[in-house]
1. Considering only residues that are surrounded by 14 or more Cβ atoms within 10 Å (Cβ to Cβ) and in contact with a strand residue (DSSP E or B) (Cβ under 6 Å, 6 or more places away or on another chain), look in segment 12-31 and name the one that is farthest from residue 92 (Cα to Cα).
2. If you take the residues in segment 32-43 that are over 13 Å from residue 85 (Cβ atoms) and within 12 Å of the chain's Cα centre (by Cα), which one is surrounded by the fewest Cβ atoms within 10 Å (Cβ to Cβ)?
3. Given the criterion in contact with a helix residue (DSSP H, G or I) (Cβ under 9 Å, 6 or more places away or on another chain) and either surrounded by fewer than 16 Cβ atoms within 10 Å (Cβ to Cβ) or of a type outside the set (Lys, Arg) (or both), identify the matching residue among 78, 49.
4. Mind listing whichever residues of segment 21-42 are in contact with a Phe, Trp or Tyr (Cβ under 9 Å, 6 or more places away or on another chain) and touching a residue at least 24 places away in the same chain (Cβ under 8 Å)?
5. So is residue 41 under 16 Å from residue 28 (Cα atoms) and touching a Gly at 6+ places or on another chain (Cβ under 6 Å) or not?
6. Quick one: is residue 60 touching a Pro at 6+ places or on another chain (Cβ under 7 Å) and not basic (Lys, Arg)?
Amino acid sequence: MALSTVDVFDASAPWKLSQQVSLRDEAFGALAYHHGNRRLVFLKSRELVALVRSLEQFASADEAIRAVVRADQHARYVKALSSLLTSEILCGR
């Protein structure tokens, strides 16, 4: 049975790392491997890794971003999370 996917990232919504994804820490950030679609995605900063790992602790992606990264980087991280949704690394909760 295929799960429906969300096509549009809404930073005011709650998100989490997909249960089908494994993260492996690397010097540059992390590798994210999706066991379902077999995609390998590079998370190119430690801040992004920390953000992705913490998403489930917050009511929205916006709250998580405010807690983990500098305010002037907010838009950059919304874009990064949107890309991770497209790759099915993130999913709604």
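Bear in mind that the values in this text are calculations on the coordinates, not laboratory data. These figures come from a predicted structure and were not determined experimentally. With ideal geometry, Cβ positions are generated from the backbone for all residues, glycine too; neighbour counts draw on all protein chains shown.
1. This residue is 29.
2. The extreme case among them is 42.
3. Just one listed residue meets the conditions, 78.
4. Of all residues in segment 21-42, those in contact with a Phe, Trp or Tyr (Cβ under 9 Å, 6 or more places away or on another chain) come to 21-24, 26, 28-32, 39-42.
Scanning segment 21-42 gives 21, 23, 32, 39, 41.
5. Details: under 16 Å from residue 28 (Cα atoms): yes; touching a Gly at 6+ places or on another chain (Cβ under 6 Å): no.
No: the conditions fail for residue 41.
6. When the stated conditions are applied, residue 60 passes them.
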